[in-house]
1. Test of understanding: extend the Cα→C-beta vector of Thr124 to 7 Å, then name every residue of segment 149-193 with backbone N under 17 Å from that spot.
2. Each residue of segment 171-183 in turn: what ³J(HN,Hα) in whole Hz from Karplus with 6.51, -1.76, 1.60 and θ = phi - 60°, glycine and Pro shown as x?
3. When a/c reaches 1.5 or more, the comparison of a/b and b/c decides; with that in mind, is segment 135-184 rounded, prolate or oblate per its Cα gyration tensor?
4. Which far-off residues, 5 or more places away or on another chain, put their amide H under 5 Å from the one on Leu42, with H placed in the peptide plane?
5. Find, among the GluC sites (Glu not before Pro) in segment 97-198, those assigned to loop by DSSP (not H, G, I, E, B) with at most 14 other beta-carbon atoms within 10 angstrom.
6. Between Arg133 and Ala101, what is the spin-label point distance in nm, taking each point 7 Å from the Cα along the Cα→C-beta axis?
7. Taking H placed 1.01 Å from N in the peptide plane, check which residues at least 5 places from Val54 or on another chain put their amide H under 5 Å from its amide H.
8. Cα gyration tensor of segment 104-198, axes a ≥ b ≥ c as square roots of the eigenvalues: rounded (a/c below 1.5), prolate (a/b > b/c) or oblate?
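Coordinate-derived values only; no laboratory data. Just so it is clear, the structure is predicted and the values come from calculations on it, not from any experiment. With ideal geometry, Cβ positions are generated from the backbone for all residues, glycine too; neighbour counts draw on all protein chains shown.
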Amino acid sequence: MKRITLMAALVVLTAFLAQAQGEVTTAVISIASEETAAYAPLDASTGKYYRMDVDVPEIRSGEKLEKAVLEFYVDVESFVRGDFVWLDEDSVEHVGYSAAAPLIEIYALKSPITRAVDVSQLETQTVARVPVRVGAHRRVLVSIAPIVRSFMADPAQNYGLVIGSFTGERQGNFTLKDEAFQDGSTGRIHLTFSPMRD
């Protein structure tokens, strides 16, 4: 059994025991290094992107998912853009600019990736976006509750996550830090469950 599958089973058991007592419960799903993969940029408008396979627990009757926060680390470089400005009729100057906190995006996949992702495979209804400051080993925390709820509602449609920049307004280059956590995992999903109220 894969480690994240075992972790998902433990999440269900913990939530079930707490549900019987009417408590809010929290749990963490670790995403192992072997459950991630890097892909080359699609074109000049996108950077390198990453797939994460995630195995979420089934939600039990009488409880609901309150929060799901994805945590991971990245190195962030700003992508320099620029325009040409005419100084006079004979000369131009290149004026460059860059974002201090490029935008990173997290999408659910609608189908498996074969050789590369197609933008039509990205589920835009549940996309999560967050700015991340330029620098090394930046910690990212972003809510992906709508994505996790969709995976729980229809596990057969869970094809994992894609992390990167796909809007065509690429602001930076992101490098996902492999095995960034002490347990050797590359990412974590922090879950919060609460009992349904009558």
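1. Within reach of a label on Thr124: 162, 164-170.
2. Calculated HN-Hα couplings, in order: 10, x, 10, 10, 10, 5, 7, 6, 6, 6, 9, 4, 7 Hz.
3. oblate
4. Sorted by chain and number, the residues that satisfy this come to none at all.
5. Glu169, Glu179
6. Going from the Arg133 label point to the Ala101 one covers 0.9 nm.
7. Placed amide hydrogens put Gly160, Leu161 under 5 Å from Val54.
8. Taking the square roots of the gyration eigenvalues as a ≥ b ≥ c, segment 104-198 is oblate.
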